[in-house]
Amino acid sequence: MDLDGCALPEDRLYDLENDVWYLAEPSGGLARVGLLGPLVWFAGPFRSVAFRPVSGVVGRGRSVATVESTRYTGAVRLPLDATVVDRNLAIVERPRLLNDAPYADGWVVRVRASGDGVPPGLESAAAVAPRVAERIRTQRIRCWPQTPDLELYEIGVECSAVLTMLNEELAGRPAGESVLLVTDDPTSPIEMQRWSDQTGHRVLAHRQEADLHQYLVRKEAHPVPRRRPGA
C-alpha cells in the first residue's frame, strides 16, 4: 500500500501507539518487530541503537531498545507480551539500516508471543492507513527511497550554479551517501537528467511541490557516464 509515496506493507500488523510493526514468520511461532516507516522517515538518519538486557516475558509497551537519530531519541516498545529470542545486531553496526530498509533488513527484534491467535491491539494495514496518512500529512513527512545525508536548498539560483555546488558537495562524500537537492529553477528537470547522464550519479527520485523541485541524488561508487560533458 502506498500513502503519498510512503510504503505501508500489507503483509503485517501494526501498533500505532508504539510506532512498530509485527510480522509473523511462516513457522516456529516467531515474529519480527520493527519501527513504523513514518517514524523512521520523520526521524532522519539514525546514529545509534542500544538493546536493553531484557529476559523472560516482556510486557506489551516495554522497551527493548533505544534508537537515536539526528532529531529523534526514543524507545522501541513491544506491541504484545513476548519473549525476545533474537536481536538484529546488524542495526547496531549500521543504524542506517533502520532508515534504508525499515520493513526488511532494518527489523529490530524477533520474539515469541506469549498468547495464541492475533495479538490484541494490533491492526491491519487497511485499518491503520487513514491514521497513518493523516500523520504523514500533518507532520509533513516525505518518504524517499534512501534517507538523505544532507539537504541542499538552493532557491533563486540558476541551475548551472546549483549543479556546481552539488558536484562540490558530492566530491567530499563517500560513495552510497545521498543528497536532497531543492531548487526553484524551472529548467531543473531537463538539467538534472543531463547532469545524471554526464556524471553517472543517479537521481533516485524527483518530487515537485508548487514551484519547488526536490531531487534525491546518490553518489555512486563507480559512476558510468552515459553522455559526454557538453554533448
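If you take the residues of region 129-176 that are more than 24 Å from Phe46 (Cα to Cα), touching a helix residue (DSSP H, G or I) at 6+ places or on another chain (Cβ under 9 Å) and of a type in the set (A, V, I, L, M, F, W, C), which of them is modelled with the lowest pLDDT?
Cys159
Could you figure out which of (1) in contact (Cβ under 8 Å) with a residue 40 or more places away in the chain; (2) in contact with a Phe, Trp or Tyr (Cβ under 7 Å, 6 or more places away or on another chain) isn't true of Met192?
The single condition Met192 does not satisfy is (1).
Can you name the number of the only condition in (1) without any contact (Cβ under 8 Å) to a residue 40 or more places away in the chain; (2) closer than 30 Å to Leu23 by Cβ; (3) in contact with a Ser or Thr (Cβ under 8 Å, 6 or more places away or on another chain) that Glu154 fails?
Glu154 satisfies every listed condition except (2).
When only residues in region 90-126 that are in contact (Cβ under 8 Å) with a residue 60 or more places away in the chain and assigned to a helix (DSSP H, G or I) count, which is surrounded by the most Cβ atoms within 10 Å (Cβ to Cβ)?
Here the residue is Leu98.
Hey, could you check region 145-199 for residues that are touching a Cys at 6+ places or on another chain (Cβ under 7 Å) and part of a loop (DSSP other than H, G, I, E, B) and say which is surrounded by the fewest Cβ atoms within 10 Å (Cβ to Cβ)?
Thr187
Tally up the residues in region 61-89 that are out of contact with any helix residue (DSSP H, G or I) (no Cβ under 7 Å at 6 or more places or on another chain), over 22 Å from Ser124 (Cα atoms) and not in a loop (DSSP other than H, G, I, E, B), please.
13
Would you check if Ala231 is small (Gly, Ala, Ser) and at pLDDT 90 or above?
no
Please work out which residue is farthest from the chain's Cα centre (by Cα), limiting yourself to region 48-61 and to residues that are buried (at least 17 other Cβ atoms within 10 Å of the Cβ) and not aliphatic (A, V, I, L, M).
Arg60
In region 65-83, which residue that is buried (at least 21 other Cβ atoms within 10 Å of the Cβ) and over 17 Å from the mean Cα position of the chain (by Cα) is farthest from Ala24 (Cα to Cα)?
Filtering first and then ranking leaves Ala65.
The values are calculated or read from the model by the stated rules, or taken from the named source; none is laboratory data. Remember, predicted model here, so these are calculated numbers, not experimental data. Using ideal geometry, Cβ is built from the backbone for each residue, glycine included, and neighbour counts are taken over all protein chains shown.
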